[in-house]
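Taking it in order: structure first as structure tokens, then the write-up.
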Amino acid sequence: MLTSLLFSAGLLSFFSADPPIDELELPAGFKVELYAQVVNARQMALGSNGTVFVGSRKVGKVHALVDEDGDYKVDRTVLIASGLNMPSGIAFRNGDLYVAAVNRVLRYDNIESRLADPPEAVVITSTLPDDEHHGWKYIAFGPDGFLYVPVGVPCNVCLSPDERHGTILKMDAKTGEHQVYAGGVRNSVGFDWHPLTKELWFSDNGRDWMGDDLPPDELNHAPSQALHFGFPYLHGAGVLDPEFGEHAQTDEYTRPALELGAHVAPLGMVFYTGKQFPAAYHNSIFIAEHGSWNRSTKSGYRVISVKLKGSKPESVEPFITGWLDEDEQS
């Protein structure tokens, strides 16, 4: 089960459930090695001293992974916090660790100097929607210094009276005040900013129960605020929703930059900003596809590489495969 991606010193790190390392397939010249094992890992964030922080969805814990000798293998795992409500979202900025736990965003100050004695959390906000359905979050700081926080819809497909459902929020990390940056987003669990243009790109998980091949999951491009990406009225570039599609105002929606496969469930999404990979991968996008659960023939269960030409996807290629064996999730 692929959950998240992280680049450290130009290396790609990912989390999956019990990865069968020897069975994974990569392009020639690449290899995979085990970095650490963490129960129910979700998002990762890299500290300024090289500490990798890991959130979890089900076990309610946040861990720090410490590579003390610089060999790219973890020597020490430290429990930072426990008893939280699905603290999957993790971000690091100016020495502080930020954690998204459904309706709350927490901050742990000067965390890398306090690993042996983690500080009490400072509550940035506790007023986000508290729905657990699509309530776990992926968070990250944008180039503008704001913390971006998605709020998934509390359903498969619906309209919520809370205008924050189905959005990506832009939050002041000091005050917790927030505004909607992008709307019509069913459930984004991965986003990043282009290293050159500084524009937001994000993945979005499409709705279920429209059959094996509909609707497509999405990779979206949001170069400016206040764009609407169609949910729940329109899915992908042109699939009207059977329940809400009659109310679609299609001229007002921003179409996906790329339609992914139906039910592949894109989670982590990052731009490659290192220099160790060949030049063809520089500034390209890597997406972790968690994999399908309501499709008769399973799909996803891989990492893909999306190369761009300007602001348009030019090619999509598998980068790591092998988690799916005889149509069963590894």
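Figures for the structure shown
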read-out	value
Selection from region 184-196 of residues that are open to solvent by less than 10 Å² (accessible area, probe 1.4 Å) and over 16 Å from the mean Cα position of the chain (by Cα)	Gly184
Subset of region 197-251 [polar (S, T, N, Q) and open to solvent by 30 Å² or more (accessible area, probe 1.4 Å)]	Thr197, Ser224, Gln225, Gln249, Thr250
Inter-residue pairs, beta-carbon under 7 Å, first touching a residue at least 24 places away in the same chain (Cβ under 8 Å) and outside any loop (DSSP other than H, G, I, E, B) and in region 126-146, second open to solvent by 60 Å² or more (accessible area, probe 1.4 Å) and of a type outside the set (Val, Ile, Thr), 6+ apart	Phe141/Arg93
Options Val59, Val38; residue that is part of a loop (DSSP other than H, G, I, E, B), surrounded by 19 or more Cβ atoms within 10 Å (Cβ to Cβ) and not charged (D, E, K, R)	Val38
Positions within region 183-216 being free of Cβ contacts under 8 Å to residues at least 60 places away in the same chain and part of a strand (DSSP E or B), in sequence order	Gly183, Leu200, Pro216
Some residue of region 54-72 being out of contact with any Ser or Thr (no Cβ under 9 Å at 6 or more places or on another chain) and touching a residue at least 40 places away in the same chain (Cβ under 8 Å)	no
Residues satisfying the stated conditions in region 161-171, i.e. out of contact with any Gly (no Cβ under 7 Å at 6 or more places or on another chain), assigned to a loop (DSSP other than H, G, I, E, B) and open to solvent by less than 50 Å² (accessible area, probe 1.4 Å)	Asp162, Arg164, His165
Residues satisfying the stated conditions in region 77-126, i.e. surrounded by fewer than 17 Cβ atoms within 10 Å (Cβ to Cβ) and within 15 Å of Asn40 (Cβ to Cβ)	Thr77, Leu79, Ser82, Gly83, Asn85
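The values are calculated or read from the model by the stated rules, or taken from the named source; none is laboratory data. Predicted model, so just to flag it, every value in this text is computed and none were measured. We place every Cβ from the backbone using ideal geometry, glycine too, and count neighbours over all the protein chains shown. For the accessible areas, the whole protein counts, side chains as well, though only heavy atoms, and no ligand, DNA or RNA atoms are used. Shrake-Rupley method; radii C 1.70, N 1.55, O 1.52, S 1.80 Å.
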